[in-house]
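Here's the structure, in structure tokens; my notes come after.
Each reported figure results from applying straightforward, stated rules to the coordinates on display, with no laboratory input. Since this is a predicted model, take the numbers as computed values, not measurements. All Cβ positions, glycine included, derive from the backbone under ideal geometry; neighbour counts span all protein chains shown.
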Amino acid sequence: MESLIKIAALMTAPRYENTYARNIIERALKDLGVPLTISGGVFYGQCMQKMLEKLIEHGGIDYAVTVDFDSLFSARQLQRLINWIHSTPEIDAITGMQVKRGKPIMLGTVPGGTMIDADTKQIQWDGKPILATTAHFGLTVIDLKKLERVAKPWFHAIPDSNGSWEGEDKIDDDVAFWLKWKDAGNSIYIDPGVRLGHLEEMVAIHDENAVPTHIPFGMGEVRLCTCSLLNLGNASKSGIFLQPCKMAFATY
């Protein structure tokens, strides 16, 4: 008789989060009987490492499932990832495909393939998970035994060559983890058969012609938006006057 495997999920969450997404996450985990631990700290890397360390110290847990608070997935998708990692010895960690917030590209990097343009790579897929170089933590299953041999700190962001965080050569917490993961001789796979949702915020606002429109939040920039303000107090028999104004949206 095959022995039961033990799995625990963990997630870092900001002080603001979407309750609709939270319900979807908790329902999927509950359907599979996977307990969820949530950290509300502001330092992502520290929170992740502390939770992973506690799972290892607790003992008896085979796999950790990392979840991002803005990921949307089903129990069936998570079950598929668990099946792959448990039945395939060469897979040490596995995740699904997820689109980057604010840009139509996949999170993670995959070797090989043919570059179509600066952001697009064509890869042959045979229905099995694809070996990757880096990934994400939106919904990722990690073999905890393999994690124990990774050098600490597991999450350690590095600024760019100018000491800033804007350059292309900067290394974020999550990317740093996967580079150390690979250095320890571990593998990470991405399963195109699991396509994860990624929640994005939008601003609903009337445009210059008072037509309702939806504008995606920018990522890490301050955007100045010139629009019109409906001045109902100055309404006359001929209609409503539109007064120009400026609105600054600080986005993160």
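Before moving on, here are some points about what is shown:
- Cross-link partners for K100 among the lysines, with Cα-Cα distance under 30 Å and sequence neighbours closer than 8 places in the same chain left out: K30, K50, K54, K121, K128, K145, K146, K152, K170, K180, K182, K246.
- Between L32 and E208, the C-beta separation translates, for a Förster distance of 51 Å, into a calculated FRET efficiency of about 0.55.
- Whether the stretch 1-84 is rounded, prolate or oblate, judged on the alpha carbon gyration tensor where a/c under 1.5 counts as rounded: oblate
- Take the Cα of E57, step 7 Å toward its Cβ, do the same at K170, and the gap between the two points is 3.1 nm.
- Highest average packing first - 165-172, 67-74, 29-36, Cβ atoms within 10 Å: 67-74, 29-36, 165-172
- The peptide list 196-205, 94-103, 112-121, put in order of mean Cβ contacts within 10 Å with the highest first, becomes 94-103, 196-205, 112-121.
- Partner aspartates and glutamates whose Cα lies under 13 Å from the Cα of K6, excluding those fewer than 8 positions away in the same chain, are identified as D62, D143.
- Pairwise Cα distances in the stretch 7-198 exceed 26 Å for 29 percent of all pairs.
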